[in-house]
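Each remark here refers to the structure printed beneath this line.
The values are calculated or read from the model by the stated rules, or taken from the named source; none is laboratory data. Since the model is a prediction, treat every value here as computed from it, not as a measurement. FYI the Cβ positions are ideal-geometry reconstructions off the backbone, even for glycines, and counts take in every protein chain you see. These area figures cover heavy atoms from the full protein model, side chains too; ligands, DNA and RNA do not enter into them. Shrake-Rupley method; radii C 1.70, N 1.55, O 1.52, S 1.80 Å.
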Amino acid sequence: MSTEDNQDPESSRAWQITRARTLITPHGGQIVTEFFDIDKSRSIPPQRRPEASALLAALADPLRGFEAGFPDLL
């Protein structure tokens, strides 16, 4: 969630989830977990944002419990 826009976390999260679903649903994808930093601009490196860092760690873990791709494109 951007700190520059002074968005409230609820609105920002709802917008991002809606956008993600719009992009992945037509490909058979679904959201199974979320990583959402509050008050951390995306201009900050992911390693310095707790949830972005957790996402990177999860992607590196083959036992993460979810796939990171589009089912119909895999």
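What the table shows:
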quantity	calculated
T3 in a loop (DSSP other than H, G, I, E, B), modelled with pLDDT of 90 or more and among the β-branched types (V, I, T)	no
Scope segment 14-43; condition part of a loop (DSSP other than H, G, I, E, B) and aromatic (F, W, Y); matching residues	F35, F36
Those residues of segment 33-43 which are modelled with pLDDT under 90 and either surrounded by 14 or more Cβ atoms within 10 Å (Cβ to Cβ) or closer than 18 Å to E67 by Cβ (or both), in sequence order	I38, K40
In segment 44-54, the residues that are assigned to a helix (DSSP H, G or I) and open to solvent by less than 60 Å² (accessible area, probe 1.4 Å)	P46, A52, S53, A54
Residue, modelled with the highest pLDDT, within segment 61-74, restricted to residues that are open to solvent by 80 Å² or more (accessible area, probe 1.4 Å) and assigned to a helix (DSSP H, G or I)	D72
